[in-house]
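Below is one structure, written out as structure tokens; comments come after it.
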Amino acid sequence: MARPKNVKHIFVTGGVVSSLGKGILSASLGLLLKSRGLRVAIQKYDPYINVDPGTMSPYQHGEVYVTDDGAETDLDLGHYERFLDEPTSQASNLTMGRVYKSVIDKERQGEYLGGTVQVVPHVIDEIKEKMNEQARSGSLDVLITEIGGTIGDIESLPFLEAMRQMKLDLGPRNLLNIHLTLVPYIKAACELKTKPTQHSVKMLLETGIQPDILVCRSEKPLSREIKNKVGHFCNLHESDVIGLNDCDTIYDVPLTLLNEQLDRRVLKKLNIKKYKEPEFAYWSEFLKKVKHPTDGEVTIAICGKYTEYPDAYKSILEAFVHAGAGNNVRVNVRLVRAEDAEENGHDVTAALKGVHGVLVAPGFGDRGIEGKIRFIRHARENDIPFFGICLGMQCASIEFARNVCNLGEANSTEFNKRCRQPVIDLMEHQKKVKEKGGTMRLGSYPCILKEGTRAYRAYGKFLINERHRHRYEFNNDYRDIFEEHEMAFSGTSPNGELAEIIELKSHRWFVGVQFHPEYKSRVHSVHPLFLGFVGAAKEFALGKSQLSFEPDALPLQQPEAPVQG
Ligand code: GLN
């Protein structure tokens with residue numbers, strides 16, 4: 001195992017404005033270094049005081065990304081997994097809340113021996129300790145740490161101070177700061193402006209940090225002259241000023257940075273001598289299919305309640321990019337507000353006009369539920385491919401119970417505590433749970449697939465592992481009546497107790513899953529259910545009949561070992 005001091009550190013910070021894409025930069029750099037033969041991990045440090053984003057509204061924070069070990073984390077971890085094809089974990093997302101919690105717990109246990117507990121040294125030392133733990137935890141060559149927020153924010157100062165101290169501890173050849181800034185293009189002057197970048201670097205310098213490499217986001221290419229100017233004012237050679245033009249897709253970024261030789265600059269500065277030439281044939285082929293698919297396009301409706309804020313569905317949107325490439329089609333996504341369809345006069349047919357597939361998204365609470373149920377009914381009755389994820393699967397169960405099994409009062413106890421036909425009910429072990437943070441059924445669980453089902457054909461194996469985030473489940477009292485009406489329980493927990501996948505036998509493609517397949521779709525391995533769903537939508541768009549459609553049969557694989565029991 002590599003000693004922490006042999007691990008090279010890269011810190012990615014952001015300046016000028018937020019949302020410049022530090023996560024995509026970190027993920028892309030990680031991919032470039034991995035393709036050079038290095039063992040890379042990426043982690044995110046978030047400056048907020050929440051212990052994790054699990055309790056935050058998607059409007060505040062976007063999607064909550066769940067790891068195999070059940071951590072509720074920042075959505076950037078999804079990008080790291082999708083690009084790097086390596087699993088992340090709880091240790092990959094440190095928040096200031098977690099740091100303070102740990103310091104305060106230690107103080108209560110008397111670990112500071114009567115000392116006054118302060119930001120310097122105690123909070124900073126705690127961050128450094130966590131950093132070393134992570135560096136020690138695997139056989140790593142490079143650990144990339146993305147620091148959330150923008151330079152100038154008060155709250156991220158302890159992370160910056162820890163980075164400053166670590167550079168002193170480890171030496172300049174073992175730790176780099178890459179600072180991502182914006183070089184805006186002013187149309188009236190037809191000019192790129194470097195001043196905001198200069199100011200951002202000045203602010204970094206005030207914290208004692210000289211960036212080693214600047215990555216400059218801009219609408220127009222950065223000329224050599226501009227790079228020279230930026231370098232001149234920010235104490236950097238022009239070759240350490242990297243231009244990052246706006247790209248068509250986030251998946252362009254690794255190749256743009258490769259072209260700009262970011263990886264070469266990093267290898268040189270970190271004195272890494274052993275590396276190979278990178279190989280991007282697969283990635284380029286994938287990109288070609290994303291940008292210029294040859295088999296046309298499909299439109300998928302994502303029906304949810306956070307439709308004004310697409311970040312809430314980040315992993316689902318990316319899984320559609322992967323599955324589109326896998327099927328050689330462009331996937332146009334239409335975000336449909338479930339709430340609108342709750343009003344009686346709402347025309348569901350019009351809202352789904354031109355749609356080749358309906359996905360009902362995960363979520364919490366009763367807002368929009370009746371609208372989701374109407375969309376599902378429309379998809380079921382009109383043989384439109386349907387995919388329900390977590391809450392979407394639960395809504396599909398309610399719709400099926402009410403409209404097919406004649407259980408007119410069917411509902412989930414999440415929406416109606418006193419409901420008389422609770423087809424969805426609180427899981428047994430959730431009944432005593434009072435605390436909110438980290439208490440759901442979280443992380444990876446095994447699931448057994450039934451031979452001959454659509455799910456089995458999609459995965460091509462009996463045992464799968466998928467990630468969960470829910471408190472409610474399908475109520476087994478209703479299994480028999482569902483089966484009598486041709487709803488198959490194609491995936492269950494290994495003891496058969498928990499319904500994990502339902503599917504309709506007589507429908508073109510109607511699948512509901514209690515887990516979140518979107519968390520596991522990657523560029524290098526498209527999720528089989530997204531692949532199958534988009535495949536069915538493609539067939540539907542081409543006007544093929546249900547019978548002509550057979551989902552891609554994957555070769556059978558060895559069962560994976562279960563991650564959690
Ligand atoms: N609210 C539902 C539950 O807790 C579904 C959660 C989800 O969609 N992630 O079971």
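The values are calculated or read from the model by the stated rules, or taken from the named source; none is laboratory data. All of these numbers come straight from a predicted model, not from anything done at the bench. Cβ atoms come from the backbone with ideal geometry, glycine included; neighbour counts cover every protein chain shown. Only protein heavy atoms, including side chains, enter the accessible area calculation; ligands, DNA and RNA are left aside. Shrake-Rupley method; radii C 1.70, N 1.55, O 1.52, S 1.80 Å.
So here's what we get for this one:
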| quantity | calculated |
| --- | --- |
| Karplus (6.51, -1.76, 1.60) ³J(HN,Hα), θ = phi - 60°, over the stretch 473-480, in Hz, Gly and Pro reported as x | 8, 5, 8, 5, 4, 9, 4, 4 |
| Separation between Cα centres of the stretch 448-515 and the stretch 390-431, rounded to whole Å | 16 Å |
| For residue 141, residues with placed amide H under 5 Å, excluding near neighbours | 39, 40 |
| Residue-normalised accessible area of the chain, given per residue in Å² at a 1.4 Å probe | 42 Å² |
| With every protein chain in place, the chain: carbon and sulfur % of accessible area (1.4 Å) | 50 percent |
| Pairs of Lys in the stretch 341-452 closer than 22 Å at Cα, counting only those 8 or more apart or on different chains | 6 |
| For residue 540, solvent-accessible area (1.4 Å; no DNA, RNA or ligand), Å² | 50 Å² |
| Positive-end residue of 332, 310, 294, charge dipole of the stretch 292-403 with Cβ unit charges | 294 |
| Contour excess over end-to-end distance, with Cα ends at residue 495 and residue 436 and 0.36 nm allotted per residue | 18.5 nm |
| Computed [θ] at 222 nm, deg cm²/dmol, the chain (DSSP H ≥ 4; -39,500 (n - 2.57); rounded to nearest 500) | -9500 deg cm²/dmol |
| Given charges at beta-carbon only (K, R positive; D, E negative), |dipole| of the chain in Debye | 1540 debye |
| Listed residue (32, 438, 19) projecting farthest to the positive dipole end of the chain, Cβ model | 32 |
| Whole-Hz ³J(HN,Hα) from phi, Karplus 6.51 cos²θ - 1.76 cosθ + 1.60, for the stretch 380-397, glycine and proline x | 5, 6, 9, 6, 8, x, 10, 9, x, 10, 6, 4, x, 5, 5, 5, 5, 5 |
| Straight-distance crosslink candidates among lysines, where the alpha carbon sits under 18 Å from residue 202 and sequence neighbours closer than 8 are dropped | 193, 227, 229 |
| Restraint check, 22/276; 44/520; 8/289, Cα-Cα greater than 24 Å | 22/276; 8/289 |
| Separation between Cα centres of the stretch 269-344 and the stretch 53-97, rounded to whole Å | 18 Å |
| Using θ = phi - 60° and Karplus 6.51 cos²θ - 1.76 cosθ + 1.60, couplings along the stretch 51-63 (whole Hz; Gly, Pro as x) | 5, 8, x, x, 9, 8, 6, x, 5, 7, 10, x, 5 |
